[in-house]
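Down below is the structure, laid out as structure tokens.
Throughout, read-outs are computed from the coordinates displayed, never taken from laboratory work. Quick caveat, the model's predicted, so the values are computed rather than measured. When we count neighbours, we look across all protein chains shown, and the Cβ atoms used for this are built from the backbone with ideal geometry, even at glycine.
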Amino acid sequence: MTKTIDVTTLPEFDEAAFLDSPEARAAYLSDAMQDGDPAEFRRALGEVARSLGMAGIAAEANVGRTSLYKSLGEQGDPKFSTVLRVMAAMGLGLSARPLDPAESDPRQT
């Protein structure tokens with residue numbers, strides 16, 4: 001006999017609740033960058049900002065709170081300078097690593 005689960009009674013998963021250390025936030029953003037999808041990274045950056053408090057991050061990054069919400073929202077496309085300021089406000093930096101040859105093959109994009 002199969003048991004059905006009423007998914008309307010399950011709590012909604014909140015990623016931000018698990019981003020409780022600088023290491024967890026850095027790992028989360030690094031994972032989001034792995035596939036090279038800018039929208040996925042933007043979404044992850046928004047989750048990290050939310051976990052720390054959007055208003056505080058906006059103030060520290062010298063970005064208007066409403067502008068930050070728009071930049072990191074579904075239709076957002078933040079400037080690279082904004083991304084760097086927001087990451088610095090989060091206490092995080094951006095780094096580069098060498099790609100495996102398969103990752104850097106332009107024919108695969």
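Values as computed for the structure displayed
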| read-out | value |
| --- | --- |
| Estimated [θ] at 222 nm from DSSP helical runs (n ≥ 4, -39500 (n - 2.57)) normalised by residues in the chain, nearest 500 | -14000 deg cm²/dmol |
| Compactness relative to 2.2 N^0.38 Å, alpha carbon Rg of the chain | 1.28 |
| Summed residue charge, Cβ within 13 Å of I57's Cβ, Lys/Arg positive, Asp/Glu negative | +2 |
| Debye-sum result for the range 19-78 in log10 I(q)/I(0), which assumes one identical scatterer on each alpha carbon, at q = 0.14, 0.26 Å⁻¹ | -0.36, -1.10 |
